[in-house]
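Quick notes on the structure that follows.
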Amino acid sequence: MTTLSSESSGTASSAGTPVLVDHAELTRFLTQVFTRRGLPPDRADASARALVHGDLTGMDSHGVANLAGLYLPLLDEGRADPRAEPEVVTDLGAALLVDAHRSLGLWAASWAMDLAVERAARHGVGMVSVRRATHLGCAGYHALRAAERGMVGVVSSNCGGQRIARPPGGAVAMLGTNPLAVSAPAGAHPPFLLDMSTTAAPTGRVRQAAREGRALPEGLLCDDAGAPVTDPAAFDAGDAHLMWLGGEVGRFKGFGLGLVVEVLSALVSGSGRGPHPDAWDGDGGPSGRDDDIGFLLMAIAPDTLRPGARADAEGLFGALVDCPPTDPERPVRYPGWHEHRFARERTERGVPLPAPLYAQLVAQAERAGVRAPEVRGEQR
């Protein structure tokens, strides 16, 4: 195996050929980078695994591409405290309120879900509400921790004081992308996992398209007059804003779900809120910072309520998989199926990374004084 230099990575970039990096190697590298930033080794490892989940499951916009642009700046600017100890403020048994004290959300969200799972095993349900948190990465990664233990997992996260999307009919951005994830075991089948933003697309997907020079489909961005925008660069230029899930016709559903996340994540925990008079002071575009984020993590243990829940889950998702398709070449699948397949394949064959991104990782390795992840070859 070889490690590409920044110069050779640039050559591969011009050819448009991603490189394949071993999953364990990538996790090892990220763990070392986070450790150099002050995270204890166990937290660094947990954070690395949460971040790699995006690349493993095909959600590349939420994976390693965010290391240099999101997570390292959080730590370097002191907005995330690598050694902060979450504090249990209220403990009612099945329900807890936690102050994360700005600990890194990649780790803190998993820690909180594990606590929710522990309480669900005792009470049938466990709910952990978290305030003063930082960005958690893929909400679905943390929800899956419940499904892996035979439980239903629910994760919601607002964006703290960051405002990106406008309410329908509003001239000012008031809410974030407000992700929501739900997981469930499916017996012999891949676990169910719905992991989505409540806007039509997350900002990461828009920026990934801009980096790759791809146009976006209509229905994700629009201008101030509501006309569709397909140039992803227009978003950061301030010439376009995110639409809600459901598009023009169904926007109130996406907006409503965004508010559901705000209620569950911010109102319950007492964290920073998107809808606030502070938003009115700007020019109507994105404003605020994603500080003081609120999470809600819930685990539900149906087997503690009644026998047969696990068998029923396998039957539910098995019936969907066996549903006769309209096109035999495109069988029916449910959320989480393809992500599970991607993760299995990429664990075996390697994680594809665009050559420019790999060059960034090489540069990060040099600055941190650690070994860059080795390359298995090029993606064919």
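The values are calculated or read from the model by the stated rules, or taken from the named source; none is laboratory data. Small disclaimer: the values here were computed from a predicted structure and weren't measured. No Cβ is skipped: glycine too gets one built from the backbone with ideal geometry, and neighbour counts run over all protein chains shown. Heads up: the accessible areas ignore ligands, DNA and RNA and are worked out on the full protein's heavy atoms, side chains in. Shrake-Rupley method; radii C 1.70, N 1.55, O 1.52, S 1.80 Å.
Exactly one residue out of ARG119, ARG132 is in a strand (DSSP E or B) and over 22 Å from TYR334 (Cα atoms), and it is ARG132. If the condition is being touching a Leu at 6+ places or on another chain (Cβ under 8 Å) and outside any helix (DSSP H, G or I), then region 136-147 contributes LEU136, GLY137. The number of residues in region 80-97 that are under 23 Å from GLY38 (Cβ atoms) and either assigned to a loop (DSSP other than H, G, I, E, B) or touching a residue at least 40 places away in the same chain (Cβ under 8 Å) (or both) comes to 7.
Considering region 47-79, the residues that are assigned to a loop (DSSP other than H, G, I, E, B) and open to solvent by 20 Å² or more (accessible area, probe 1.4 Å) include one that is nearest to LEU20 (Cα to Cα), namely GLY58. From the list ALA234, ALA227, ALA240, the lone residue that is farther than 29 Å from ALA143 by Cα, loosely packed, with under 15 Cβ neighbours inside 10 Å and modelled with pLDDT of 90 or more is ALA227. Need the failing condition index for GLY16 against (1) over 17 Å from ALA109 (Cβ atoms); (2) open to solvent by 50 Å² or more (accessible area, probe 1.4 Å); (3) at pLDDT 95 or above, just the number. Answer for GLY16: the failing condition is (3).
Within region 200-224, being open to solvent by less than 40 Å² (accessible area, probe 1.4 Å), of a type outside the set (Val, Ile, Thr) and touching a Ser or Thr at 6+ places or on another chain (Cβ under 7 Å) holds for PRO202, GLY204, GLN208, LEU216. Of everything listed in (1) touching a strand residue (DSSP E or B) at 6+ places or on another chain (Cβ under 7 Å); (2) touching a residue at least 60 places away in the same chain (Cβ under 8 Å); (3) open to solvent by 10 Å² or more (accessible area, probe 1.4 Å); (4) of a type outside the set (S, T, N, Q), the single unmet condition for VAL130 is (3).
If I go through region 264-288 residue by residue, how many of them are closer than 18 Å to MET196 by Cα and either surrounded by fewer than 15 Cβ atoms within 10 Å (Cβ to Cβ) or polar (S, T, N, Q) (or both)? Qualifying residue count for the region: 1.
Per the conditions (1) in contact (Cβ under 8 Å) with a residue 40 or more places away in the chain; (2) farther than 29 Å from VAL33 by Cα; (3) among the hydrophobic types (A, V, I, L, M, F, W, C), the sole criterion not satisfied by CYS323 is (1).
Counting only residues that are basic (Lys, Arg) and farther than 16 Å from SER47 by Cβ, region 131-146 holds 2 of them.
Just checking, how many residues over region 166-199 are at pLDDT 95 or above, open to solvent by less than 30 Å² (accessible area, probe 1.4 Å) and small (Gly, Ala, Ser)? Result for region 166-199: 6.
Report whether or not GLY258 is assigned to a loop (DSSP other than H, G, I, E, B), under 29 Å from PRO73 (Cα atoms) and either among the hydrophobic types (A, V, I, L, M, F, W, C) or open to solvent by less than 70 Å² (accessible area, probe 1.4 Å) (or both). So GLY258 fails the test. The set of residues from region 148-165 being surrounded by fewer than 24 Cβ atoms within 10 Å (Cβ to Cβ) and outside any strand (DSSP E or B) comprises GLU148, ARG149, GLY150, GLY161, GLN162. Looking for whichever is in contact (Cβ under 8 Å) with a residue 40 or more places away in the chain and either over 28 Å from HIS340 (Cα atoms) or in contact with a Leu (Cβ under 7 Å, 6 or more places away or on another chain) (or both) here; the options are ALA237, ALA181, ALA233. Which one fits? Being in contact (Cβ under 8 Å) with a residue 40 or more places away in the chain and either over 28 Å from HIS340 (Cα atoms) or in contact with a Leu (Cβ under 7 Å, 6 or more places away or on another chain) (or both) holds for just one of ALA237, ALA181, ALA233, which is ALA181.
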